[in-house]
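Report on one structure; see the data block that follows.
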Amino acid sequence: MKKVEAIKGFSKLSKSAKVAWVISNHFKGDKEALQLLDTYTHSDGEVQKLHDEFIENTLSNFYMPFGVAPNFLIDGAQYTVPMTIEESSVVAAAAKAASFWMQRGGFKTEVVSTTKIGHVHFVWRGKDSEILQQIIQDSYQQFIGDSEHITANMTARGGGVKSIQLVNKCDLEPNYYQLEAKFETCDSMGANFINSCLESFAKTLKRLVSDASELAEEDKYLQILMSILSNYTPECTVKAWVECPINEINEGSMPNDEFAEKFIKALKVAEIEPYRAVTHNKGIMNGIDSVIIATGNDFRAIEACVHAYASRSGQYSSLTHASLDDGIFKFWIEIPLSLGTVGGITSLHPMVKFAHEMLGNPNAKDLMKIVATAGLAQNFSALRSLITSGIQKGHMKMHLLNILNQLEATDTEKEQLVEHFKNKVVSFSAAVKAFCDLRGIEQPKKEAR
């Protein structure tokens, strides 16, 4: 591997200079590499400029498929759900589940709460934490007043600060405390709002302790460690569920009662076995993340929060559950989703704006419902496949085109091979063999990896 010298001031170079440096130092000036970057650069200069300014050191764009899953009936309203993902079978699985449940009453949802949380983490070596707690409790209006220049607009929209309290963590780390604040951020995800409030609270806290007459001078030293929101939002949750009489499951491949029994047992495995739960929840997040990305929200924050939530009992467990009571099959999810429909790139990225408009420009609560439903639909399809035909049958049929593209099959060859595998099990080796047989060659022109 070629040794590349460190470069200073890279971010200050023009875009063309950055591209030239990367091509020269990592691709030996390869024109094909330069052409690839040009191919994925938007032809409209204004659109490209918008994308360039989302992050630092932009060279080009990285495309992801933008698909849709129609026929989502959610609380009586019909949606076509946008999904941005590269995994072959996700959109097809979500659409299939949506159509299945549309005929059985659709999805029902409930937003439980939209409370978000943040902390001022600090060190205080004072002797009596009850005095500190009283100071904070008595000074609530001081915290609110000092941050009013930040909260005024949010408060006018029905949001703002919900509570402020002291949390003593000295049993875990000597002299460590938190000022814990809870927020309502309406239709915005609220990260910048929350962090700005917390930084204001930190200044107020330090001043209050310094001026407190009830504290000895040696107890007035307080060190702010950091002021930051938490992406763990267990009080910002939404429920989604489907249900129908057992005799309406009509799976076809097995009796209804056997299907329900296997489905519920498979979920029990995901509840008690972390090895299964991780894969199970990953499938749920296939549906959730794809809508999160399409609508311009932060899928990394959602992932971190969801997996922490799945571990809240002390053991990592399933996010979905099912039951069969009095002949009624029910399947549900309860999940934390801190989402926004204003702010960030929601009004900047053209495809994000398109996605929101296609959904009818939902508010944050409605988007929570849609996203949770997409995760539930994805999980239903995955579990249905697992307990009937197996997961690979449908997945590999969708993956077939990826294999054929790696083999550089022509459009005509693709049509013939898709037809060939219509009633056959797809595997990588079987696809390669069929391709070679069709071309009359021993090995493909380009080895697939």
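The values are calculated or read from the model by the stated rules, or taken from the named source; none is laboratory data. This is a predicted model, so every value here is computed, not measured. Cβ: placed from backbone, ideal geometry, glycine included. Neighbour counts: every protein chain shown.
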Give 334, 408, 419 a once-over and let me know the one that is part of a strand (DSSP E or B) and surrounded by fewer than 18 Cβ atoms within 10 Å (Cβ to Cβ). 334
Return yes when residue 109 is touching a strand residue (DSSP E or B) at 6+ places or on another chain (Cβ under 9 Å), touching a residue at least 40 places away in the same chain (Cβ under 8 Å) and among the polar types (S, T, N, Q) and no when it is not. yes
Checked 86, 46, 56 against criteria (in the same structural domain as residue 370 (by TED's automatic domain parsing), charged (D, E, K, R) and exposed (fewer than 14 other Cβ atoms within 10 Å of the Cβ)); the one match is 86
Answer yes or no as to whether residue 81 is touching a Leu at 6+ places or on another chain (Cβ under 7 Å), in contact (Cβ under 8 Å) with a residue 40 or more places away in the chain and either under 21 Å from residue 337 (Cβ atoms) or of a type in the set (A, V, I, L, M, F, W, C) (or both). no
Those residues of the stretch 12-42 which are in contact (Cβ under 8 Å) with a residue 24 or more places away in the chain and more than 25 Å from residue 64 (Cβ to Cβ) amount to 28
Of all residues in the stretch 231-264, count the ones that are assigned to a loop (DSSP other than H, G, I, E, B) and touching a residue at least 60 places away in the same chain (Cβ under 8 Å). 10
Which of (1) assigned to a strand (DSSP E or B); (2) outside the structural domain of residue 204 (by TED's automatic domain parsing); (3) more than 17 Å from residue 367 (Cβ to Cβ) does residue 123 not meet, given it meets every other one? (2)
Residues in the stretch 147-165: is at least one more than 25 Å from the chain's Cα centre (by Cα), surrounded by 16 or more Cβ atoms within 10 Å (Cβ to Cβ) and assigned to a loop (DSSP other than H, G, I, E, B)? yes
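Residue 323 - would you say it is modelled with pLDDT of 95 or more and over 24 Å from residue 230 (Cβ atoms)?
Numbers: modelled with pLDDT of 95 or more: yes; over 24 Å from residue 230 (Cβ atoms): yes.
Judged against the criteria, residue 323 is a match.
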I'm told residue 228 meets every condition in (1) in a strand (DSSP E or B); (2) touching a strand residue (DSSP E or B) at 6+ places or on another chain (Cβ under 6 Å); (3) of a type in the set (A, V, I, L, M) except one. Can you identify the failing condition by its number? (2)
Quick one: which residue in 190, 160 is small (Gly, Ala, Ser) and touching a Lys or Arg at 6+ places or on another chain (Cβ under 7 Å)? 190
Given 84, 58, 41, which one is in contact with a strand residue (DSSP E or B) (Cβ under 6 Å, 6 or more places away or on another chain) and of a type in the set (S, T, N, Q)? 84
Let me spell it out: the conditions are (1) modelled with pLDDT of 95 or more; (2) closer than 17 Å to residue 376 by Cα; (3) touching a helix residue (DSSP H, G or I) at 6+ places or on another chain (Cβ under 9 Å), and residue 249 meets all of them except one. Which number is the exception? (1)
Which of the residues belonging to the stretch 271-297 are more than 19 Å from residue 381 (Cβ to Cβ) and either in contact with a Ser or Thr (Cβ under 6 Å, 6 or more places away or on another chain) or of a type in the set (Val, Ile, Thr) (or both)? 271, 272, 293, 295, 296
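Condition check ((1) more than 31 Å from the chain's Cα centre (by Cα); (2) β-branched (Val, Ile, Thr); (3) under 22 Å from residue 199 (Cα atoms)) across all residues:
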position	(1), (2), (3)
92	no, no, no
99	no, no, no
107	no, no, no
122	no, no, yes
128	yes, no, no
132	yes, no, yes
139	yes, no, yes
Of 302, 293, the only residue that is crowded, with 22+ Cβ neighbours inside 10 Å and within 21 Å of the chain's Cα centre (by Cα) is 302
